[in-house]
Structures are given as structure tokens and as C-alpha cells.
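What follows is one structure encoded as C-alpha cells, with my remarks underneath.
The values are calculated or read from the model by the stated rules, or taken from the named source; none is laboratory data. Because the structure is predicted, anything quoted here is derived from the model rather than measured. Positions of Cβ are backbone-derived with ideal geometry, glycine not excepted, and every protein chain shown enters the neighbour counts. Just the protein is used for accessible areas: all its heavy atoms, side chains included, with ligands, DNA and RNA removed. Shrake-Rupley method; radii C 1.70, N 1.55, O 1.52, S 1.80 Å.
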Amino acid sequence: MTDFPLLKNDLILRAALGKKTERAPVWIMRQAGRYLPEFRAMREKYDFFTICRTPKLATLITLQPIERYDGLLDAAIIFSDILVIPQALGLVVEMLPGQGPHFPDPLKVPQDVDTKLRKHVDVHEELGYVFEAITMTRKALNGRVPLIGFIGGPWTLMAYMIEGGGSSTLSKAKTWLFSYPKESKRLLQKITDICIDFLIGQIKAGAQMVQVFESWGGELSPYDFNIFSLPYITQIADKVKAQLKQEGMESVPMTIFCKGSWYALESLSNIGYDTISLDWTIDPAHAKAITKGRVTLQGNMDPNVLYGDHEEIRITVRRMLEAFGTGEKYIVNLGHGILPTVDPENAKVFLETVHKVGLELNNK
Ligand SMILES: Cc1c2[nH]c(c1CCC(=O)O)Cc1[nH]c(c(CCC(=O)O)c1C)Cc1[nH]c(c(CCC(=O)O)c1C)Cc1[nH]c(c(C)c1CCC(=O)O)C2
């Protein structure tokens, strides 16, 4: 194991493990991204996946929000993308400016799993650049805040690999689920095996917390979620923790974010994750009543509130903190990624209010 600088702010790790905190910690999904002019300047020079594959650039960008919002963020998240796993499997993925991800040759029929995808993926060979970026970033952070690693959930990755990009209906991916359920499960298992190896590698490289982004969970009915998502995200938590334990290594807190899967809260609080990240359609009181303190909750302000004026942002943050409670089992975040046209000053108002109101409510 590499020797890393001593961690000075462990609020988020304590909150994730259910310990008391002086105030609720905060970070922002997609905090290193297009809303920051310093990120856009880098993107004028470099292609998206070139940045992901160049540890020095990924480190620099991961640190951008940490430096801009000096002392206001309680975690950094490694700059990368969930789609590096489909790339590791052998698919070409491009990031089209302003349009998002594009697969020129996606999976079309089940036989493609055998002809278009690598039989075996060695994560060190294919994704070693992410591990290097994590180790480099953890050192560059110099203990300021913990570093979060991440992966996409198997169903979300499968859907991208078949749709070939974003989609409003996911009809192509769902055609697989309902026409070729056996082959779909085989593909989901293949992706899951890589997710497990990749997360373990990220933790060994220095990730101090990890998040699974099942961003398209809510596109499935509760019945289908239990068949095509839940078993795989469950395996990820189980096997990552079991393997680290077997190797005598400490695990790190794990967060599951199933966007839109409000119906799955009960199941999600029983499958080995420490934290559940919520989108804004879930009422905090409802989430607390269902999860009953078994997990830490993270979230969940509507990212569009950051388009409101400063006073509206402050009011919404206060309401959210009062509803979740700030001293225990809560991490503040948005309900989904920060939007690319948000004013970075509004994000600052959000962060400052979280600090101010969090301390105030804890000292009551
Ligand atoms: C579905 C998904 C993807 N990527 C991701 C998800 C899960 C979270 C979610 O649901 O939003 C996760 C992700 N993508 C990115 C990060 C980096 C770390 C961070 O959060 O700051 C993380 C955690 C960088 C990125 N990933 C992407 C950008 C913008 C790319 C650009 O510069 O053109 C960044 C900074 C591109 C991307 N990557 C993806 C899409 C749909 C897009 C285009 C839309 C968008 O820009 O938000 C796939």
C-alpha cells in the first residue's frame, strides 16, 4: 500500500459509517464539470477521454472544485466516467461535445456479447490509468478531504452499451430484457464481475469511499428492478467487502445511487451499502421512515434549485437540513449531477449555507 498524507477532514467517512458529525458533510455530484470555466478551458485543449486517461490531467480537474471552493467541500470525486467499463470491454465510446456519450458500434443482438466484447478483462491492463489517477489525486489532495471512487451500475452500463448513448425510452435495452432475459443476465453478470474488480482496484489505489451510479434504475418497474438491477448491485457490495476482508484489507464506505428507484428504498437499505443517495423526488421524512437508521442518507436537492436566486437556495437548503437532521447519518448533496449552465457562485451559496445552517442546527 502507498503511504498517503494524513487525512484532516474525515466528516464524510464518519457520516457514512453512522458516527456523529459536528455538521453534515457535503459534496456535489459532478462537482468537477462543465459548469466550471476552468474545466471548460481544459476541454478546449483536450478530448474528454484523453483527460480520463491522463492521470495528471484527471488529478488537476478533480482538484478544481476543491480549490475553487476552498474548505467548503468535504470530499473529492475522481475525474473519470462510468463508460470506461464499456471501453475496457472493447466498445468504442466517444464524448460528443454538447451531446454526451456516443457508441458508434453498440451491442445489437445477444451474439454481439461474444463477438464484440473481450472474453476476459484485466482491469489493471485496461483501467490501470484510473488507478494511477486515484493514487496521484489522493497524494495531491494532501489529506484535505477524502477521495471518492465510482462505477456505473451494471443495468445502467448494459443500457448504454445497447442504446449506444442517451435515450428517453431505453426501448432497445429493454427489448433485450424482455426478449432475451437469459442473455441479458449473462451480460449483466459479465459487467458485474468487472465492476467488482474495478472497485477493489480503486480502493487499493487509494479511494476512501466509493459510489455505484445506477442512474437508470428508475426506468425499470419495481418487479424488473428486482430481477435486472438489485441482484447485481447486491453482489457488488457483498463481493467487494468479502474480497477485501479476505485479503486482510479494510473496506471503505459504499454508496448506492439508484436514480428514480424510490420503490426500492427498503431493499436498498438491506444489501450491504453504508449510504443511499436519494434523488429529489423522495421526501426526506419518507426516506427516513423506510430506512429506519440502517443506512446513512445522501442528497437530495433538485439540481435546478441552483438556478434560483440566492435566497431561494438558502431557504431550500435549510428546509432540507431540517428534514434530514444534520448531526448523524446524513451527507448533503444534490439529487443528481450539477447542471452544466449553473452559475458557480450559486453552487458556492449552496455550500456556504450547508456549513452555516448545519453548524447552527447541531448547536441547538
Ligand atoms: C450516466 C453517467 C455518465 N457519467 C456518470 C454518470 C452517472 C451519474 C449521472 O447519472 O449523471 C458519472 C460521472 N461522469 C463524470 C464524473 C466525474 C466526477 C464528478 O462527478 O465530478 C462522474 C461521477 C464526468 C463527466 N462526464 C461527462 C462530462 C461532461 C463531458 C464534456 O466535457 O463534454 C463530465 C464532466 C459526460 C457524460 N458522461 C455520461 C453522460 C450521460 C455524459 C453527458 C452529459 C453530461 O455532461 O452530464 C455518462
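Are any of the residues in region 327-335 hydroxyl-bearing (Ser, Thr, Tyr) and surrounded by fewer than 22 Cβ atoms within 10 Å (Cβ to Cβ)? Scanning region 327-335, I find no residue that is hydroxyl-bearing (Ser, Thr, Tyr) and surrounded by fewer than 22 Cβ atoms within 10 Å (Cβ to Cβ), so the answer is no. Taking region 1-39 as the range and being more than 29 Å from Asp343 (Cα to Cα), open to solvent by less than 50 Å² (accessible area, probe 1.4 Å) and in contact with a helix residue (DSSP H, G or I) (Cβ under 9 Å, 6 or more places away or on another chain) as the test, the residues that pass are Phe4, Pro5, Thr21.
Among residues of region 269-307 being touching a Gly at 6+ places or on another chain (Cβ under 9 Å) and acidic (Asp, Glu), the one that is surrounded by the fewest Cβ atoms within 10 Å (Cβ to Cβ) is Asp302. Of all residues being closer than 15 Å to Ala159 by Cβ and assigned to a loop (DSSP other than H, G, I, E, B) in region 99-109, which is farthest from the ligand (Cβ to nearest atom)? Just the residue, please. If we take residues in region 99-109 being closer than 15 Å to Ala159 by Cβ and assigned to a loop (DSSP other than H, G, I, E, B), then Lys108 is farthest from the ligand (Cβ to nearest atom). In the set (1) within 16 Å of the ligand (Cβ to nearest atom); (2) open to solvent by 10 Å² or more (accessible area, probe 1.4 Å); (3) in contact with a Lys or Arg (Cβ under 8 Å, 6 or more places away or on another chain); (4) farther than 23 Å from Arg186 by Cα, the condition left unmet by Lys259 is number (3).
No other residue among Leu13, Leu73 is more than 11 Å from the ligand (Cβ to nearest atom) and either at pLDDT 95 or above or under 19 Å from the mean Cα position of the chain (by Cα) (or both) apart from Leu13.
Scanning region 9-51 for residues that are more than 18 Å from Ile77 (Cβ to Cβ) and part of a loop (DSSP other than H, G, I, E, B) yields Leu17, Gly18, Lys19, Thr21, Glu22, Arg23, Tyr46, Asp47.
Against the condition touching a strand residue (DSSP E or B) at 6+ places or on another chain (Cβ under 8 Å), open to solvent by less than 80 Å² (accessible area, probe 1.4 Å) and outside any loop (DSSP other than H, G, I, E, B), how does Val354 come out, does it pass? Yes. Look at (1) without any contact (Cβ under 8 Å) to a residue 24 or more places away in the chain; (2) assigned to a helix (DSSP H, G or I); (3) within 11 Å of the ligand (Cβ to nearest atom) and you find that Ser167 fails only one, number (2).
Counting only residues that are away from the ligand (no atom under 11 Å from the Cβ) and of a type in the set (Asp, Glu), region 22-51 holds 2 of them. Taking residues in region 111-132 that are under 16 Å from Ile203 (Cα atoms), and partners anywhere that are open to solvent by 100 Å² or more (accessible area, probe 1.4 Å) and at pLDDT 95 or above, the pairs with Cβ atoms closer than 7 Å and at least 6 places apart or on different chains are Tyr129/Arg53. Looking at (1) touching a residue at least 60 places away in the same chain (Cβ under 8 Å); (2) within 14 Å of the ligand (Cβ to nearest atom); (3) open to solvent by 10 Å² or more (accessible area, probe 1.4 Å); (4) more than 21 Å from Asp193 (Cα to Cα), which one does Ala140 not meet, given that it meets all the others? For Ala140, the exception is condition (2). Of the residues making up region 132-155, not a single one is at pLDDT below 95 and not hydroxyl-bearing (Ser, Thr, Tyr).
Cβ-Cβ distances below 6 Å connect no pair with a first residue in region 326-342 that is without any contact (Cβ under 8 Å) to a residue 12 or more places away in the chain and on the phi > 0 side of the Ramachandran plot, a second residue that is within 11 Å of the ligand (Cβ to nearest atom) and among the hydrophobic types (A, V, I, L, M, F, W, C), and a separation of six or more residues or different chains. Between Arg43, Arg118, the distinction of being open to solvent by less than 70 Å² (accessible area, probe 1.4 Å), over 18 Å from the mean Cα position of the chain (by Cα), over 28 Å from Ser277 (Cα atoms) and among the charged types (D, E, K, R) belongs to Arg43 only.
Can you confirm whether region 60-67 contains a residue that is more than 20 Å from the chain's Cα centre (by Cα), of a type outside the set (Val, Ile, Thr) and within 30 Å of Thr353 (Cα to Cα)? Yes. In the set (1) within 30 Å of Phe4 (Cα to Cα); (2) open to solvent by less than 10 Å² (accessible area, probe 1.4 Å), Thr156 fails one condition alone, (1). Among the residues of region 79-98, those identified as over 14 Å from Thr156 (Cβ atoms), free of Cβ contacts under 8 Å to residues at least 60 places away in the same chain and within 9 Å of the ligand (Cβ to nearest atom) are Phe79, Met95, Leu96, Pro97, Gly98.
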